[in-house]
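Undergrad: The structure is given below, and queries will be raised subsequently.
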Amino acid sequence: MYEFLSQNSLYVVLLIALIGWLGIVFYLFRLNKKIDKLEKMFKE
Amino acid sequence: MTLHLIARPLTIYFGKLLFNLILLGALNIFTVILYLLFVTGFTVGNYLIFSVTILLGTLGLASASTIIAAIIAKANTKGTLYPVLSFPILLPLLLTVINATKLSVEGAVFGDAVGEFQVLISYLVVITAISYLLFESIWKE
Amino acid sequence: MTLKLFLGIWLSLVIIAGISFPITENPTNWYDLPFVPGLEDKARIIFFHVPMAWVATLAFGISLIYGIKYLSKENLDYDIKSVSSAGLGLIFAILATVTGSLWAKFSWGSFWNWDPRQTSIFVLLLIYGAYFALRSAIEGDEKRATLSAVYAIIAGVTAPFFIFIMPRLVEGLHPNEAFVSQGKISMNPTMLVIFLCSLSGFTALYFWMLNTKVRLERLELKHHLKGD
């Protein structure tokens, strides 16, 4: 894995872009959880 | 609670600062004396740098910890909050003091440590000024 | 809505361009990226990592400004903006740290090197970790808002000291010379355009994320106040 990545450093950048995307997904998840909580609060 | 009624916030701030200053100063001097007496191989090369570092370090440490302690005094769970909050604030001070102490032990000339002292003095000024401005809003809560 | 759709397409194009445009020794075509000795394909990180670090800085700065505004106006809406921005800043700072250290593994040989910028982002993470720890330890909206704003301001005025201290302790490893030399930008036009597009795209993305978060927090506060 390390060998491959150090020879094809383009994939390092690809991984980095992927991590950025994961961060945004994580944010969406948190937002979603907050909305769920809020919906439940308004129902009560 | 009665302090809220009879004293102005800034008086209280400077009172607390003074107390911390005396406590930390005494503690530092005590530690230094112990070090000089009992740790073999510990010699100070330049006493002027060493004493100025101790003085500025004590002043900076006291004023930074006073304001952080004031914040924590108002929090509900106080326990482990102090080290967590104070570490990032104190880090620049600690790094500089460590550097200056290293210089003094190595016996550097005073001119070498001027940069460190500038950092320490500006840190002290900045943290005291900001505490002076913000203490009132902490105290009101 | 169209604006957000446009932003999505914009950032997708940035990613496609950033990853697929070829790197050549002598850029002649409009899509050629310059060759940077020692970095090669790894130079492409500038399109992703630098905007993340920039957004983190921006978010913390905006959080600080709203904190100061809260202290002078005592309006909880400012606190909502401040905390939402701080949360986003923390996410982007973590992303910048993770991407940076992954990249460092392949460029500098290890994940963590205590380079000045790594150290400063580490301190930033500590500060905002402490900030959220403090917030969770206080009950009462006004009290929480005031104390955390005060803490953020104190941390904000002491953090710049690292700029003076760090260069004395360790030397920098960040490859600034490849992109900026003697105060002038030395990227080739293609690279610069993609970089600026990425920077503006990420900034817009941040404002969008902040906006959704703030609206949500406002609703929660409203409901919370009605319930009491």
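Undergrad: Measure out, as a whole number of angstrom, how far apart the alpha-carbon centroids of the range A:12-44 and the range B:85-141 sit.
TA: Cα centroid of the range A:12-44 versus Cα centroid of the range B:85-141: 40 Å apart.
Undergrad: Over chain C, what is the mean sequence separation of C-alpha contacts under 8 Å (at least six apart), divided by residue count, expressed as relative contact order in percent?
TA: Once normalised by length, the contact order is 28 percent.
Undergrad: Any idea what the relative contact order of the range C:12-100 is, in percent, if you count C-alpha pairs under 8 Å spaced at least 6 apart?
TA: Averaging sequence separation for qualifying contacts and normalising by length gives 25 percent for the range C:12-100.
Undergrad: In deg cm²/dmol and to the nearest 500, what is the mean residue ellipticity at 222 nm of chain C if only DSSP H runs of at least 4 residues count, each as -39500 (n - 2.57), divided by the residue total?
TA: Value at 222 nm, helices only, nearest 500: -25000 deg cm²/dmol.
Undergrad: Going through the cross-link list C:Lys73/C:Lys222; B:Lys16/B:Lys102; A:Lys34/C:Lys42; A:Lys37/B:Lys78, which pairs have a Cα-Cα distance over 26 Å in this structure?
TA: Check vs 26 Å cut-off fails for B:Lys16/B:Lys102; A:Lys34/C:Lys42; A:Lys37/B:Lys78.
Undergrad: Sort B:Thr77, B:Thr58, C:Thr28, B:Thr101 so that the residue with the fewest other Cβ atoms within 10 Å of its own Cβ comes first and the one with the most comes last.
TA: Ordered from fewest to most neighbouring Cβ atoms within 10 Å, B:Thr77, B:Thr58, C:Thr28, B:Thr101 come out as C:Thr28, B:Thr77, B:Thr101, B:Thr58.
Undergrad: Taking neighbour counts of Cβ atoms within 10 Å as a proxy for exposure, in what order, fewest first, do B:Thr128, C:Thr24 appear?
TA: Ranked by crowding around the Cβ, least crowded first: C:Thr24, B:Thr128.
Undergrad: May I pose another question? Under the rule of at least 5 residues apart or a separate chain, name every residue whose amide H is placed under 5 Å from the amide H of C:Ile138.
TA: B:Asn76
Undergrad: Could you please report the charge total around B:Asn76, scoring K, R as +1 and D, E as -1 over all other residues with beta-carbon less than 13 angstrom from its beta-carbon?
TA: Once positives and negatives cancel, what remains is +3.
Undergrad: Given charges of +1 on the Cβ of Lys and Arg and -1 on the Cβ of Asp and Glu, with all other atoms neutral, how large is the dipole of the protein assembly as shown about its Cα centre, in debye to the nearest 20?
TA: 1180 debye
Undergrad: How large is ³J(HN,Hα), in whole Hz, for each residue of the range B:116-131 in order, when computed from phi with the Karplus curve 6.51 cos²θ - 1.76 cosθ + 1.60 and θ = phi - 60°, using x for Gly and Pro?
TA: The phi angles translate into 4, 5, 4, 4, 4, 5, 5, 4, 4, 4, 4, 6, 5, 4, 5, 5 Hz.
Undergrad: Using the Cα centre of the range C:44-227 as the reference point, and only Cβ charges (+1 on K/R, -1 on D/E), how large is the resulting charge dipole? Debye, rounded to the nearest 20.
TA: Dipole magnitude for the range C:44-227 comes out near 240 debye.
Undergrad: Related question: Arrange B:Glu106, B:Glu116, A:Glu3 by Cβ neighbour counts within 10 Å, fewest through most, would you?
TA: A:Glu3, B:Glu106, B:Glu116
Undergrad: Determine ³J(HN,Hα), in whole Hz, for all residues of the range B:70-79 in sequence, where each value follows from phi through the Karplus function 6.51 cos²θ - 1.76 cosθ + 1.60 and θ = phi - 60°; x replaces Gly and Pro.
TA: Per residue, the Karplus-derived 3J(HN,Hα) values read 5, 5, 5, 4, 8, 7, 7, 9, 8, x Hz.
Undergrad: Is the shape of chain C rounded, prolate or oblate, going by the alpha carbon gyration tensor and its root eigenvalues a ≥ b ≥ c, with a/c under 1.5 for rounded and a/b larger than b/c for prolate?
TA: The shape class here is oblate.
Undergrad: Same structure again: Residue-wise, which Karplus ³J(HN,Hα) couplings in Hz belong to the range B:83-99, taking 6.51 cos²θ - 1.76 cosθ + 1.60, θ = phi - 60°, and x for glycine or proline?
TA: x, 4, 6, 7, 4, x, 6, 7, 3, x, 4, 4, 4, 5, 5, 4, 4
Any read-out appearing in this document is the output of simple, stated calculations on the displayed coordinates, not a laboratory observation. All values derive from a computational prediction rather than experimental measurement. Neighbour counts run over all protein chains shown; Cβ positions are idealised from the backbone, glycine included.
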